[in-house]
Amino acid sequence: LRVGIFSNLLAAVGLDRVRVAMTGGASISPSVILFFRAMGVPIHQIYGMTETSGATHAQTATHARLGWCGPLLPGLVEQRVAADGELQVRGPLVFNGYLHDEAATAAAFDDGWLKTGDVVELDAATGEVAIVDRKKAILITSGGKNITPSLIENALKESLYVSEAILLGDGRHFVSALIQIDLDTVGKWAQERGLAYTTYESLAALEPVRELIDADVQRVNARFSRVENVRRFVILRKQLDHDDGEVTATMKVRRGVIEKKFAAEIEQIYGRAKEAA
């Protein structure tokens, strides 16, 4: 029965005709990739940048490990991993520099190698890379622990009720999160329980919704070490919006903007914790 349901779903949206599907841009959970593959959609991960004229890495039928981006496109680019784990590339695909901005161009290169800004794990045997996180996104707690936000954020976003999660904790005593709920799924959950709301904001403010999200946060915490656990979280009272500068066109969170625009929410987390201490 389940096979029939999925087959009908794929046909309804045209996915049964897909021969190759690719995903890039914002970080994606391996479980999402696995879901589509299980339904018969051959989705592959790719990696690239505007500064590399598009993709530099792509999965193939023989190199399609979950969480990896595949090997280099042959003959077009070389790669190396710097001492701090940053992926660097060079080759004919790489741009010459930023127009009328010599300082930015100089900062983008290291002895002729383009600094991607992404920390990776490299499989030296195959040339495949797995993106760990953006170099500037790595959190270092006040205790000196390095934490990779995307791993925990993606785990939180596996929940049907969480559409976005932003981890906090750089220079702090503990890790916390700003969470955007999924309006459709949480709204349906609330309606089934007779909970009244009119907007995203009123839905996010409901205490039962907070308890719902807290249960998912605790499930994710069980998968990580204690120092990586989300000790506190705040449900955002608005949805993140590209027009407001909070996310990019490819839905990557602008962390710097988020930390400024939601300073009150962050103070609610850490200010309260400081007072309690």
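Overview of values
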read-out	value
Distance violations [Cα-Cα > 22 Å] among LYS115/LYS135; LYS115/LYS136; LYS135/LYS252; LYS188/LYS252	LYS188/LYS252
Relative contact order computed over the chain (Cα-Cα under 8 Å; 6+ residues apart), in percent	11
Sequence-distant residues sharing a close amide H with VAL94 (under 5 Å, placed H)	none
Rounded, prolate or oblate (a/c below 1.5 giving rounded, otherwise prolate when a/b exceeds b/c) for region 130-277 by Cα gyration tensor	prolate
Neighbour net charge for THR105 - beta-carbon separation under 13 angstrom, K R +1, D E -1	-3
Rh (Kirkwood; distinct C-alpha pairs) - region 68-200, Å	18.1
The chain, helix-only ellipticity at 222 nm - DSSP H runs n ≥ 4, -39,500 (n - 2.57), divided by all residues, nearest 500	-9000 deg cm²/dmol
Å² of accessible area per residue within region 135-220, as computed with a 1.4 Å probe and no ligands counted	48
In region 50-151, chymotrypsin sites (Phe, Trp or Tyr not before Pro) in a DSSP loop with at most 15 other beta-carbon atoms within 10 Å	PHE95, TYR98
Low-density loop cleavage sites - trypsin sites (Lys or Arg not before Pro) in region 41-147, where at most 13 other Cβ are within 10 Å (DSSP)	LYS145
Length-normalised contact order for region 120-159 - Cα pairs under 8 Å, 6+ apart - percent	26
Trypsin sites (Lys or Arg not before Pro) restricted to DSSP loop in region 8-42 with at most 10 other C-beta within 10 Å	ARG19
Whole-percent carbon and sulfur share, accessible surface of the chain, 1.4 Å	54
Taking only Cα atoms of the chain, radius of gyration then Dmax in Å	20.8, 62
Relative pair counts by distance (%), Cα atoms of region 124-202, 10 Å bins	16, 33, 26, 18, 5, 1
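The values are calculated or read from the model by the stated rules, or taken from the named source; none is laboratory data. Quantities reported herein were computed from a predicted structural model and do not represent experimental measurements. A quick note on method: Cβ atoms are made from the backbone with ideal geometry, for glycine too, and the neighbour counts reach across all protein chains shown. With ligands, DNA and RNA removed, areas are computed over all heavy atoms of the protein, side chains included. Shrake-Rupley method; radii C 1.70, N 1.55, O 1.52, S 1.80 Å.
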